[in-house]
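Here's the structure we're looking at; comments come further down.
The values are calculated or read from the model by the stated rules, or taken from the named source; none is laboratory data. This one's a predicted model, so the numbers in the text were calculated from it and none came from an experiment. Positions of Cβ are backbone-derived with ideal geometry, glycine not excepted, and every protein chain shown enters the neighbour counts.
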Amino acid sequence: MNEDIKEILYSKEQIEEISKKIGAQLTIDYAGKKPLVICVLKGAILFMADIIRKMDTYTEIDFMDVSSYGDSTVSSGEVKIIKDLDVPVEGRNVLIIEDIIDTGKTLQCIVSLLKHRKAQSVKICTLLDKPERRVEGVVPNYVGFQVPNEFVVGYGLDYQGMYRNLPYVGILKEEIYENN
Ligand code: 5GP
Ligand code: MG
Ligand code: MG
């Protein structure tokens with residue numbers, strides 16, 4: 001699996017350090033607010049698991065699966081809800097945890113849905129941000145790292161369902177997806 005990676009962008013240690021930092025900030029920002037932390041499946045599961053353990057405040061978690069990509073490495077522009085939340089969001093302080101913001105279409109869709117359902121506040125925490133490709137006006141409140149316009153995998157991010165279990169974030173070799 002490691003041999004399919006062209007370059008490691010962020011190591012396990014760097015990710016650990018940034019989650020600690022963001023978790024500490026969230027502990028301050030959400031003190032007394034009992035946030036509902038939403039993990040956008042499946043890519044955000046590792047980041048969510050790390051972040052919530054660093055939030056020293058009462059939190060509830062829920063999961064949502066919204067797909068815009070299929071198996072391709074380029075956004076299809078289509079967003080559909082595969083799994084909705086179990087918990088009502090009305091009046092809640094919602095924190096969305098994402099793996100990466102690319103065009104912003106996925107988050108644009110989730111944020112407007114949560115606002116429509118009358119969440120009290122909606123904030124976004126993303127491990128990675130690819131600002132070059134943004135087409136929607138989505139601005140994350142907490143960002144781990146910015147990444148160049150390359151297709152990255154690892155630490156939750158996949159290519160055709162694989163590579164999520166790599167402990168780091170790296171650029172996938174082009175030949176892996178060019179051959180498909
Ligand atoms: P957006 O709607 O912002 O264009 O796309 C967001 C979703 O596309 C992410 O949650 C992620 O699942 C997928 N995505 C975007 N860029 C990448 C990338 O470089 N690598 C991987 N593995 N997924 C990506
Ligand atoms: Mg995602
Ligand atoms: Mg994916």
- Item | Answer from Leu95, Leu85, Leu107 - the residue that is of a type in the set (A, V, I, L, M), under 29 Å from Pro167 (Cβ atoms) and in contact with a Pro (Cβ under 6 Å, 6 or more places away or on another chain) | Leu95
- Task: For residues that are more than 30 Å from Met162 (Cβ to Cβ) and without any contact (Cβ under 8 Å) to a residue 40 or more places away in the chain, scanning just the stretch 30-58, find the one that is surrounded by the fewest Cβ atoms within 10 Å (Cβ to Cβ).
- Result: Gly32
- Name the one entry in Lys173, Lys130 that is closer than 25 Å to Glu13 by Cα, over 17 Å from the mean Cα position of the chain (by Cα) and either surrounded by fewer than 21 Cβ atoms within 10 Å (Cβ to Cβ) or within 13 Å of ligand 2 (Cβ to nearest atom) (or both). Lys173
- Of the conditions (1) at pLDDT below 95; (2) near ligand 1 (Cβ under 10 Å from one of its atoms), the single one that Lys80 does not satisfy is (2)
- Only residues that are within 16 Å of ligand 3 (Cβ to nearest atom) and farther than 11 Å from Leu127 by Cβ: list them for the stretch 46-59, please. none
- Cβ pairs under 6 Å, 6+ apart, first in the stretch 155-171 and farther than 13 Å from Asn2 by Cα, second modelled with pLDDT under 95 and within 9 Å of ligand 3 (Cβ to nearest atom): Gln160/Asp71
- Conditions (1) within 16 Å of ligand 3 (Cβ to nearest atom); (2) within 28 Å of Leu9 (Cα to Cα); (3) surrounded by 12 or more Cβ atoms within 10 Å (Cβ to Cβ); number of the one not met by Ile81: (2)
- Task: Please state which of the following conditions Ser68 fails to meet, knowing it meets all the rest: (1) modelled with pLDDT of 90 or more; (2) within 14 Å of ligand 3 (Cβ to nearest atom); (3) farther than 19 Å from Asn141 by Cα; (4) in contact with a Cys (Cβ under 9 Å, 6 or more places away or on another chain).
- Result: (1)
- Task: Could you tell me which numbered condition Ser112 fails, if it satisfies all but one of (1) farther than 19 Å from Asp29 by Cβ; (2) surrounded by 15 or more Cβ atoms within 10 Å (Cβ to Cβ); (3) of a type in the set (Ser, Thr, Tyr)?
- Result: (2)
- Find the residue count for the stretch 147-164, including only residues that are surrounded by fewer than 21 Cβ atoms within 10 Å (Cβ to Cβ) and either of a type in the set (Ser, Thr, Tyr) or more than 16 Å from ligand 2 (Cβ to nearest atom) (or both). 4
